[in-house]
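I have placed the structure first, in the form of structure tokens, so that the comments after it can refer back to it.
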Amino acid sequence: MASVPRRSLAAIGAAALIGVSACGGAASPPEASVAAGQSSWTWTDDRGKNISLTKRPERVVAQAAAAAALWDFGVRPVAVFGPHRLKDGGRDPEVGEVDISKVESIGNAWGGVQRREVRHAAP
């Protein structure tokens, strides 16, 4: 019985993982549209509800998990609420890669956000 060197086995395993991961598909993101020359902005949320504004939002306040998803798409919220900072000052896993030192914290617990704090962040 021939033996397979460990490096060859590792290379075959890595190639298989890469091949399998390349087959996966990604879910399409919610629709957002701004037609050329138009100043209005429309977004359809995951419930199928349409939201229309006169212009695209430039400043966003988001719940921690939503802020994480937005951050991954390049949208930088100005403030976050919900679990985002641990007791030791570190980043809560729920907030993903959001740089919590660069966004305003307007409540670190469920139900802890106040309307005046959201208004102060000026979304």
Region 36-59, residues that are surrounded by 15 or more Cβ atoms within 10 Å (Cβ to Cβ) and among the hydrophobic types (A, V, I, L, M, F, W, C)
Trp41, Trp43
Consider only pairs whose beta carbons are under 7 Å apart and that are at least six residues apart or on different chains; among these, list those whose first residue lies in region 69-93 and is assigned to a loop (DSSP other than H, G, I, E, B) and whose second residue is of a type in the set (Ser, Thr, Tyr).
His84/Ser105
Identify the single condition in (1) in a strand (DSSP E or B); (2) surrounded by fewer than 19 Cβ atoms within 10 Å (Cβ to Cβ) that Ala62 does not satisfy, given that it satisfies every other one.
(2)
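Just so you know, all these numbers are worked out from the coordinates, no wet-lab data involved. Remember, predicted model here, so these are calculated numbers, not experimental data. Here Cβ is always computed from backbone atoms with ideal geometry, including for glycine, and neighbour counts include all displayed protein chains.
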